Amino acid sequence: MKYYSTNGKAPIADLKKAVVKGLAEDRGLYMPERIKKLPKEFFDTIETKSFQEIAYTVADAFFGEDVEAEALRKIVYDTLSFDCPVVKVKDNIYTLELFHGPTLAFKDVGARFMARLLQYFIRQDNHELVNVLVATSGDTGSAVANGFLGVEGIHVYVLYPKGKVSKIQESQFTTLGKNITAIEVDGVFDDCQALVKSAFMDEELNKHMKLTSANSINVARFLPQAFYYFNAYARMKELGKADELVMCVPSGNFGNICSALFGHEMGLPIKRFIAANNANDIFYKYLQTGKYEPKASVQTLANAMDVGDPSNFARIYDLYGKSHERISNIISGATYHDEQIKETMRQCYAETNYILDPHGACGYRALQEGLKDGEVGVFCETAHPAKFKETVDGIIGGDVVIPERLAAFMRGQKQSVEMTREFEDFKHFLMSR
Ligand SMILES: *Cc1c(COP(=O)(O)O)cnc(C)c1O
């Protein structure tokens, strides 16, 4: 499969280049040249298949031309070492729980897949060690660090702003050891990002070591998220509830919903989609007006969705031939401010006993307000409520139980390297490795 850039000015890339580079030379996002339709027979019997079997069929359509069948099967099965179940919340509203992975959020699926695919490509070369640099304000660092943990041939450096990441988040990437090094930068998130960018541009450093990023815009991170939408459809079909399915995705950078839309293009019979936003309503406004106007993000309770210029908008725009009409025919929007998020979490808990996290709450509410007669809705619970325990406890007046794998992180020993925000110091550190 060939990959082109959404900006249209970069050379066509093969999968390996798209995965190793992440972003195209013209700063556009890579798109597969073709999206293969899956045969009708696949959907006719999908409910008889397991999550892993379904995922392998989807993976084969995306990556089968470029990765040997047995290797791809192993990558898929290793990635999906946990389930993404669909759970009934009430009446016609179900939740797709994406928090059963190692760091209790959906980014685990993409990060684990990318780690394994990158390893596959490295092994074709001369086994040179590849170094992944990632700047994080919290969630991305933990998903990437855990996704790559113990993957041979790759070392990960997670840069995070000292004192600006919650203890729970910090424990998820500073306690791992092995091939993960946490770097605690005396600065803010933007300083971490600037250090990573400078490193990629420094010639001497790039001669010394092979560097790559594990951005969420990487095709190997966003496409595999389609796996769980196909599985959700299968499980809803098993229940006899899949005839008029509405998929609702709490969205920030729009990578997650974008993978669902790719699934739809492959023939997945979802009737329509809802992108649920917090107060960062750039996409919502685009749907209303046809104008895409990025702006600075505002802080909300659903902070993993605090994005003012969603990167994957470029992919969605390209996927539908830049047509506002086609986009708004298949996707509708919703936007909720913090008071509405709180109210929704309280109301859902009182009515159904289900504990929503602030991101999932946007999805639940959008279905509650937006479902039409005969439709059944599934919203993504993108993270476990215990990841935001203090916030959630405060809102619902309850005591969210911390799952054992999260508690285990918090008991771990913190290991980190202190760093100034001066590039020369960071470079010196890497050069000495
Ligand atoms: C990253 C994230 C989102 C937003 O996903 P996008 O793919 O960026 O739209 C939503 N919820 C949680 C918990 C996240 O970590």
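Give the residue that is surrounded by the most Cβ atoms within 10 Å (Cβ to Cβ), with candidates limited to residues of the stretch 288-313 that are within 19 Å of Phe222 (Cβ to Cβ) and among the small types (Gly, Ala, Ser). So, considering only residues that are within 19 Å of Phe222 (Cβ to Cβ) and among the small types (Gly, Ala, Ser), the one surrounded by the most Cβ atoms within 10 Å (Cβ to Cβ) is Ala304.
Of Ile316, Ile341, all but one fail to be touching a Phe, Trp or Tyr at 6+ places or on another chain (Cβ under 8 Å) and either buried (at least 16 other Cβ atoms within 10 Å of the Cβ) or in a strand (DSSP E or B) (or both); the exception is Ile316.
Of all residues in the stretch 220-244, those that are in contact with a helix residue (DSSP H, G or I) (Cβ under 6 Å, 6 or more places away or on another chain) and away from the ligand (no atom under 14 Å from the Cβ) total 8. Answer yes if at least one residue in the stretch 330-337 is assigned to a loop (DSSP other than H, G, I, E, B), more than 16 Å from the ligand (Cβ to nearest atom) and touching a helix residue (DSSP H, G or I) at 6+ places or on another chain (Cβ under 8 Å), and no otherwise. The answer is no, given that none of the residues of the stretch 330-337 is assigned to a loop (DSSP other than H, G, I, E, B), more than 16 Å from the ligand (Cβ to nearest atom) and touching a helix residue (DSSP H, G or I) at 6+ places or on another chain (Cβ under 8 Å).
For the stretch 346-385, what are the residues that are within 11 Å of the ligand (Cβ to nearest atom) and either part of a helix (DSSP H, G or I) or not acidic (Asp, Glu) (or both)?
In the first step, residues of the stretch 346-385 are kept if they are within 11 Å of the ligand (Cβ to nearest atom); the result is 357-363, 380-385.
Across the stretch 346-385, the qualifying residues are Pro358, His359, Gly360, Ala361, Cys362, Gly363, Cys380, Thr382, Ala383, His384, Pro385.
Do we find a residue being of a type in the set (Val, Ile, Thr), without any contact (Cβ under 8 Å) to a residue 60 or more places away in the chain and under 21 Å from Ala105 (Cβ atoms) anywhere in the stretch 310-333? Please lay out each step first, then the result.
Within the stretch 310-333, the first condition is being of a type in the set (Val, Ile, Thr), and the residues that meet it are 316, 327, 330-331.
With without any contact (Cβ under 8 Å) to a residue 60 or more places away in the chain added as a condition, the list becomes 327.
Still in the running and under 21 Å from Ala105 (Cβ atoms): none.
No, every residue in the stretch 310-333 fails to be of a type in the set (Val, Ile, Thr), without any contact (Cβ under 8 Å) to a residue 60 or more places away in the chain and under 21 Å from Ala105 (Cβ atoms).
Figure legend. Inter-residue proximity from the stretch 412-424: first residues more than 16 Å from Lys162 (Cα to Cα), second residues in a loop (DSSP other than H, G, I, E, B), beta-carbon distance below 7 Å, spacing 6+ or different chains. Indicated pairs: Gly412/Thr175; Gln413/Thr175.
Scanning the stretch 391-423 for residues that are within 16 Å of the ligand (Cβ to nearest atom) and surrounded by fewer than 18 Cβ atoms within 10 Å (Cβ to Cβ) gives a single hit, Pro403. Among the residues that make up the stretch 291-301, is at least one of them touching a helix residue (DSSP H, G or I) at 6+ places or on another chain (Cβ under 9 Å), hydrophobic (A, V, I, L, M, F, W, C) and free of Cβ contacts under 8 Å to residues at least 60 places away in the same chain? No, the stretch 291-301 contains no residue that is touching a helix residue (DSSP H, G or I) at 6+ places or on another chain (Cβ under 9 Å), hydrophobic (A, V, I, L, M, F, W, C) and free of Cβ contacts under 8 Å to residues at least 60 places away in the same chain.
Selection within the stretch 319-329: residues that are surrounded by fewer than 16 Cβ atoms within 10 Å (Cβ to Cβ) and not acidic (Asp, Glu). The member of this set that is nearest to the ligand (Cβ to nearest atom) is Ser328. Taken as a whole, the stretch 52-62 holds at least one residue that is under 27 Å from Asn131 (Cβ atoms) and either aliphatic (A, V, I, L, M) or not in a helix (DSSP H, G or I) (or both).
Quick check on the stretch 103-118. Is at least one of its residues within 16 Å of the ligand (Cβ to nearest atom), among the hydroxyl-bearing types (Ser, Thr, Tyr) and closer than 19 Å to Asp306 by Cα? Steps first, please.
Initial filter on the stretch 103-118 (within 16 Å of the ligand (Cβ to nearest atom)): 103-114.
After this cut, where a residue has to be among the hydroxyl-bearing types (Ser, Thr, Tyr) as well, the list is 103.
Still in the list and also closer than 19 Å to Asp306 by Cα: none.
Among the residues of the stretch 103-118, not one is within 16 Å of the ligand (Cβ to nearest atom), among the hydroxyl-bearing types (Ser, Thr, Tyr) and closer than 19 Å to Asp306 by Cα, which makes the answer no.
The number of residues in the stretch 344-375 being touching a helix residue (DSSP H, G or I) at 6+ places or on another chain (Cβ under 7 Å) and not charged (D, E, K, R) comes to 12.
Filtering the stretch 210-253 down to residues that are part of a loop (DSSP other than H, G, I, E, B) and at pLDDT 95 or above, which residue is surrounded by the fewest Cβ atoms within 10 Å (Cβ to Cβ)?
Narrowing the stretch 210-253 to residues part of a loop (DSSP other than H, G, I, E, B): 214-218, 239-244, 251-253.
Within this subset, residues satisfying the condition of being at pLDDT 95 or above are 239-244, 251.
On the way: Leu239: 12, Gly240: 9, Lys241: 17, Ala242: 21, Asp243: 12, Glu244: 17, Ser251: 31.
Among them, the one singled out is Gly240.
Only one of Ser311, Ser297 is of a type outside the set (Val, Ile, Thr) and either away from the ligand (no atom under 16 Å from the Cβ) or over 26 Å from His264 (Cα atoms) (or both); which? Steps first, please.
Numbers: Ser311 fails: either away from the ligand (no atom under 16 Å from the Cβ) or over 26 Å from His264 (Cα atoms) (or both).
After applying the criteria, what remains is Ser297.
Scan the stretch 254-280 for residues that are farther than 16 Å from Glu375 by Cβ, within 12 Å of the ligand (Cβ to nearest atom) and not in a helix (DSSP H, G or I) and the total you get is 5.
The values are calculated or read from the model by the stated rules, or taken from the named source; none is laboratory data. Here the structure is a predicted model, which is why all the values come from computation and not from measurement. Quick reminder, even Gly has a Cβ in these numbers, built from the backbone with ideal geometry, and neighbours come from all protein chains shown.
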